[in-house]
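One structure is given below, encoded as structure tokens.
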Amino acid sequence: MALIGITVCRKLEDYRQSILHTGGEVRVLEPSAGLAALDGVDGLLLTGGEDVAPARYGEEPDPTVVDVDPARDEFEIGLVGAARARGIPILAICRGVQVLNVACGGTLVQDIPSQVPGAGEHSFKVPPNEPYLLAHEVWVDKDSLLLKVMSERLEGADTCEVNSRHHQAVKAVARGFRVSATAPDGVVEAIEDPAAHFCVGVQWHPENFWRTGEFRALFEAFLAAAGKPRDLRI
Ligand code: MN
């Protein structure tokens, strides 16, 4: 059974349940353990949370960037490097895709409403009785691994509805990565590294749907990749 390392965040339970319901085991990666936390882990799941400190990608912070955790940035950027060096599959969600992109040399839109002209709403305030509200469409690139993985849900089309609770997004895509989904307003909603065994990041929150299974295929593909022998790439 694949052991998935999950980074600590405030809403850990949905991530944990998404892995358990797909047949994986979970280890919560405590920063105090350092990069040794990854030893024996078959897959790395990067979770949601605070903005990455803009200094990490060489920018001055926009006034909207108030919630940063430099220690978390340091730990998770280190995890990305270590996981990629060891060929460990990565699934990165929300803040996770931002960490992944920055760790690999990319940059972020610091604040979508003020920096992306004509952008739609991405920071939905979710009513308590509809916590997993679908918010906007994404267009999935036809040549992407993401499309292959989600083909059942997409039923031959290349669009799907996702939830959306972010005010930042990928700007310059890290070298070697490609955009695999965008919102209709052009905001990047998913990236992947075509050279990696499985290295996919999504800006929405597929983990919120573990009860109803809308994005089960994404977790299944991640778990399947984590369960395979890895290339030991340096
Ligand atoms: Mn969005």
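The values are calculated or read from the model by the stated rules, or taken from the named source; none is laboratory data. No experiment lies behind these values; they were computed from the predicted model shown. Counting neighbours? That spans all protein chains shown, and the Cβs are built from the backbone with ideal geometry, glycine included. What goes into the accessible areas is simple: the full protein's heavy atoms, side chains included, and nothing from ligands, DNA or RNA. Shrake-Rupley method; radii C 1.70, N 1.55, O 1.52, S 1.80 Å.
Summed over the stretch 54-74, residues that are among the charged types (D, E, K, R), within 19 Å of T7 (Cβ to Cβ) and open to solvent by 60 Å² or more (accessible area, probe 1.4 Å) total 3. Do we have any residue at all in the stretch 193-208 that's touching a helix residue (DSSP H, G or I) at 6+ places or on another chain (Cβ under 6 Å), polar (S, T, N, Q) and within 16 Å of the ligand (Cβ to nearest atom)? Within the stretch 193-208, one or more residues are touching a helix residue (DSSP H, G or I) at 6+ places or on another chain (Cβ under 6 Å), polar (S, T, N, Q) and within 16 Å of the ligand (Cβ to nearest atom).
Do we have any residue at all in the stretch 96-116 that's under 17 Å from the mean Cα position of the chain (by Cα), in a strand (DSSP E or B) and modelled with pLDDT of 95 or more? Yes, the conditions are met somewhere in the stretch 96-116. Which ones in the stretch 77-93 are within 18 Å of the chain's Cα centre (by Cα) and either surrounded by fewer than 16 Cβ atoms within 10 Å (Cβ to Cβ) or under 14 Å from G105 (Cα atoms) (or both)? Matches in the stretch 77-93: I77, G78, V80, G81, R84.
Only one of the numbered conditions (1) more than 16 Å from the ligand (Cβ to nearest atom); (2) within 24 Å of L12 (Cα to Cα); (3) touching a strand residue (DSSP E or B) at 6+ places or on another chain (Cβ under 7 Å); (4) not aliphatic (A, V, I, L, M) is not met by R216, and that is (3).
Which of (1) more than 23 Å from G48 (Cα to Cα); (2) within 15 Å of the ligand (Cβ to nearest atom) is the odd one out, the single condition C160 does not satisfy? If we test C160 against (1) more than 23 Å from G48 (Cα to Cα); (2) within 15 Å of the ligand (Cβ to nearest atom), just (1) comes out false. For the residues T212, T182, the requirement of being polar (S, T, N, Q), open to solvent by 10 Å² or more (accessible area, probe 1.4 Å) and either in contact with a His (Cβ under 7 Å, 6 or more places away or on another chain) or at pLDDT below 95 (or both) singles out T212. Residues that are of a type in the set (D, E, K, R) and open to solvent by 40 Å² or more (accessible area, probe 1.4 Å) were ranked within the stretch 94-133; the one that is nearest to G213 (Cα to Cα) is E130. The set of residues in the stretch 134-143 being open to solvent by less than 60 Å² (accessible area, probe 1.4 Å) and within 11 Å of the ligand (Cβ to nearest atom) consists of A135, H136, V138.
Residues in the stretch 144-156 include at least one that is on the phi > 0 side of the Ramachandran plot, away from the ligand (no atom under 16 Å from the Cβ) and of a type outside the set (G, A, S).
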